[in-house]
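Q: Have a look at this one before I ask anything.
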Amino acid sequence: MAVVARRPKPATAAPSATLLRRQPRQARSQERIERILDTAEQLFAEIGYDAATTNLIAVEAGTSIGSLYEFFPNKEALASALADRYLAAIGRLYETLIVDEPGVTPEVMVPRVVGALDAFYRDHPGAVPLLNGRFTSPELASAGANLQRAMVRRIDAVIASRRPDLSPPRRLLVSEVIAELARSLLVLSDQMPLHQRKAMIHQIELAVLGYLRETIPDPEDHLHTGLDCPTVDANMPS
């Protein structure tokens, strides 16, 4: 089966020790692991998780199925290793972008973060099926949930810093809604032509900003007329 040429990849962290069946001892083995993961990522994006068999991944990576199984016991382990990659990369992204900078308004921060996430998903095509895993595969659902929780934690931290008057349950609810809204629309935009994708990214920015203004308005904004967010049960599950 012919597969389109792979795009150059940015530097990535090695999979954690707990994800590998055997630890690589040579640079050549580490390079093989990265090549297998790069191929798995591309195939998950091109033909879907279910259709991307370990045999196909091995063939497209230019290695034997035995070499693949030497490090990864099954396809689920490959998906988990990719999730580990994405968690590290997206964590660095959040640390850089989702920060509480004095003087930086939501109108500046939201487009910055949404644009960076869009670029991340374009550079990491396997991230979209991974984040959408809750609708396709139980194994991918767990990996995608980890990525989503990382985003929720960063958003919650920024809201806590800027609005310490909000209760933790209410903060968490708002953070989860923002993260899910961004995730859903970014996954949708991945299927669009470039000009439509740009328009969708702008709509995501407007949607997030509008939700923030309505649910947690600036307490000094006396002109705000939207309804406040209803009280959240303090015992709600996390």
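The values are calculated or read from the model by the stated rules, or taken from the named source; none is laboratory data. As the structure is a prediction and not an experimental result, all values here were calculated from the model. Here Cβ is always computed from backbone atoms with ideal geometry, including for glycine, and neighbour counts include all displayed protein chains.
Q: On the given criteria, is Gly91 assigned by TED's automatic domain parsing to the domain that holds Asp190, modelled with pLDDT of 85 or more, within 21 Å of Val187 (Cβ to Cβ) and surrounded by fewer than 19 Cβ atoms within 10 Å (Cβ to Cβ)?
A: No, not satisfied.
Q: In this structure, is Glu205 farther than 19 Å from Val104 by Cα and either among the aliphatic types (A, V, I, L, M) or in a helix (DSSP H, G or I) (or both)? Please lay out each step first, then the result.
A: Numbers: farther than 19 Å from Val104 by Cα: no; either among the aliphatic types (A, V, I, L, M) or in a helix (DSSP H, G or I) (or both): yes.
No; evaluated as a whole, the condition is false for this residue.
Q: Residue by residue through the range 65-84, note down the ones that are closer than 17 Å to Ser29 by Cβ and touching a residue at least 12 places away in the same chain (Cβ under 8 Å).
A: Once the filter is applied, which keeps residues that are closer than 17 Å to Ser29 by Cβ and touching a residue at least 12 places away in the same chain (Cβ under 8 Å), the range 65-84 yields Ser67, Leu68, Tyr69, Glu70, Phe71, Phe72, Pro73, Ala77, Leu78, Ala81.
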